[in-house]
Amino acid sequence: MTNNQFLQEVSQVENLLFSFALRLTRSRADAEDLMQETKIKAYQYRDKFRLGTNFKSWVSTIMRNTFINHYRKRKSRRHLNQPVDDITYTLESKQTVNNEAEQSLRLRELNKMMNSIGKIYSVPFRMFYEGYEYKEIAEHLNIPIGTVKSRIFLARTKMKGMIGERIAA
């Protein structure tokens, strides 16, 4: 596909693509960003487009996949959006050494608790904690999705109970 053909095809579906981007993002600014990124990717891979196929569908698929990838990135990253009122931490000495002993002890305690609830609950819970989806856990363990959800819920309940007992003691 030549540059002129590409520009002509994009101009024909630009309004439809923008409304699709608005539906995905629900924000005009984000939709404009998504449009721009989609156009760049489509232009970059225009040689992969087969003439005679549906250009609108091809570009829409690129847009949808780009949106999904950005959504997953945002979901996995934790952002601090609130301003920090207390900046005294910047005045602290730069010579301090980070002591991770307390964190290490807590992690060991949590692992002991996890091992004490049994593999039937701990394996799906660990997989879920590591980012696997219910469907993936169910396929890996050869059990129904409902069973996976139930075991994860019970693992959480048991862990909360054990943590509560440790705090009360």
Cβ pairs under 9 Å, 6+ apart, first in the stretch 103-124 and in contact (Cβ under 8 Å) with a residue 40 or more places away in the chain, second of a type in the set (Ser, Thr, Tyr) and surrounded by 12 or more Cβ atoms within 10 Å (Cβ to Cβ): Met114/Tyr121; Met114/Ser122; Ser116/Ser122
Spans of helices (runs of 4 or more DSSP H) in the stretch 51-163 with at least 1 residues modelled with pLDDT under 90 and among the charged types (D, E, K, R): 55-76, 101-116, 119-129
Cross-chain or 6+ apart pairs with Cβ under 8 Å, the stretch 1-30 first and closer than 19 Å to Asn69 by Cα, then of a type in the set (S, T, N, Q): Leu17/Thr38; Leu17/Ser60; Phe20/Ser60; Ala21/Thr38
Cβ-Cβ under 7 Å pairs, at least 6 apart or on other chains, the stretch 33-57 side under 18 Å from Tyr71 (Cβ atoms), far side aromatic (Phe, Trp, Tyr): Leu34/Phe67; Met35/Phe18
Hey, Met35 over 27 Å from Arg74 (Cβ atoms) and among the aliphatic types (A, V, I, L, M) or not: no
Residues satisfying the stated conditions in the stretch 29-44, i.e. surrounded by 11 or more Cβ atoms within 10 Å (Cβ to Cβ) and either farther than 13 Å from Met63 by Cα or basic (Lys, Arg) (or both): Lys39, Lys41
Residue among Thr53, Thr66 that is loosely packed, with under 12 Cβ neighbours inside 10 Å and polar (S, T, N, Q): Thr53
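The values are calculated or read from the model by the stated rules, or taken from the named source; none is laboratory data. Computed from a predicted structure; not experimentally measured. Every residue, glycine among them, receives a Cβ derived from its backbone with ideal geometry; neighbour counts consider all protein chains shown.
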